[in-house]
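Written out below as structure tokens is the structure these notes cover.
The values are calculated or read from the model by the stated rules, or taken from the named source; none is laboratory data. Just so you know, these numbers come straight off a predicted model, no measurement behind them. Quick reminder, even Gly has a Cβ in these numbers, built from the backbone with ideal geometry, and neighbours come from all protein chains shown. Note: areas computed on protein heavy atoms with side chains; ligands, DNA, RNA excluded. Shrake-Rupley method; radii C 1.70, N 1.55, O 1.52, S 1.80 Å.
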Amino acid sequence: MKKNYLLLLTAALLISSILLGCSKSQAPANQPSQAGNDATAAQELIVGMELAYPPFEMTDEKGNPTGVSVDFAKDLGAALGRPVKIENMAFSGLIPALQTKKIDMVISSMTITDERKKTVAFSDPYAKAWLALLINEKSSVKEVKDLNAPGRKVAVKNGTTGHIYAQANLPQAEIMVFEKESACILEVGQGKADAFIYDTLSIYRAWKQNEKTTRANLNPFQDKVEEWGVALRQDDKELTAKVNQFIGEYKKNGGFTRLAERYLPQEKKDFAALGVKFFFD
């Protein structure tokens, strides 16, 4: 009886050791390796942008991201040794996505402002822009100061510097806020808004496409030029320093000039003829 008990006990211990050995050697198939987590150089660089601002942020005929900002992001990723993933989202959602770590940075023709600096860090500026007016052909508005009057209606895209400018400088006007640039253009073209405040290039393009119903005032009216920067999290100082280093080298090596020649050759000529400053001048 005692002998049988010892045999059973030995067998039980043997089975337990086999099972324990299996459980240690077989990790779940979907468990990521620690080495992969530590290899930061190979991690995806997730870049947020709104693909609705051609030719800077847009999609091609197959729906793939393309444009000045997309190529800029890919060149940055190549310099950092990290594959780039573009996350397309509404402009107003870009900074919240950055804060909640859904993306690593924003490259979306975003103007550096004091208000935005309260929540995100910015790289050194890589481009300059100015606000302009798309005006309904039948409106008596000539310049921006004419909009600050009762009964005037101003279309703006949500979260843009045109929106910010209108709120700060046109208290008597009715400010009509839209999520899409196309909606603002439509309101002006149909005479439902006197003007649309947006960047010079977009206003110029919208006017050329709607010359029968609109006109453009491309003369700068802000106190200072707008500068675009890459938005990053405030505590991501190492990545910010790397981005700044890349921007400096990219400018020096003619990277932005090549992007302008690729995506904006005609606009660059037209701006020069009109005496309007260009983004990378």
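Considering the conditions (1) under 21 Å from residue 165 (Cβ atoms); (2) in contact with a strand residue (DSSP E or B) (Cβ under 7 Å, 6 or more places away or on another chain), residue 126 is excluded by exactly one of them, (1). For region 259-272, state whether one or more residues are out of contact with any strand residue (DSSP E or B) (no Cβ under 9 Å at 6 or more places or on another chain), at positive phi, not in a helix (DSSP H, G or I) and not assigned by the TED database to the domain that holds residue 160. Taking every residue of region 259-272 in turn, none turns out to be out of contact with any strand residue (DSSP E or B) (no Cβ under 9 Å at 6 or more places or on another chain), at positive phi, not in a helix (DSSP H, G or I) and not assigned by the TED database to the domain that holds residue 160.
The condition (being touching an Asp or Glu at 6+ places or on another chain (Cβ under 7 Å) and either at positive phi or among the aliphatic types (A, V, I, L, M) (or both)) is satisfied by just one residue among 98, 131, 186, 170: 131. Among the conditions (1) in contact with a Pro (Cβ under 8 Å, 6 or more places away or on another chain); (2) touching a residue at least 60 places away in the same chain (Cβ under 8 Å); (3) more than 29 Å from residue 72 (Cα to Cα), the only one that residue 172 does not satisfy is (2).
Determine if region 189-199 includes at least one residue that is at negative phi, in contact with a Pro (Cβ under 6 Å, 6 or more places away or on another chain) and at pLDDT 95 or above. So that I can check it myself, show each step before the final result.
Filtering region 189-199 for residues at negative phi gives 189-190, 192-199.
Checking which are in contact with a Pro (Cβ under 6 Å, 6 or more places away or on another chain) leaves us with none.
Checked region 189-199: no residue is at negative phi, in contact with a Pro (Cβ under 6 Å, 6 or more places away or on another chain) and at pLDDT 95 or above.
Mind listing whichever residues of region 123-154 are open to solvent by less than 10 Å² (accessible area, probe 1.4 Å), part of a loop (DSSP other than H, G, I, E, B) and within 30 Å of residue 258 (Cβ to Cβ)? Listed by number, the list holds a single entry, 123.
Answer yes or no: is there a residue in region 111-120 that is part of a loop (DSSP other than H, G, I, E, B), surrounded by 21 or more Cβ atoms within 10 Å (Cβ to Cβ) and not β-branched (Val, Ile, Thr). No, region 111-120 contains no residue that is part of a loop (DSSP other than H, G, I, E, B), surrounded by 21 or more Cβ atoms within 10 Å (Cβ to Cβ) and not β-branched (Val, Ile, Thr).
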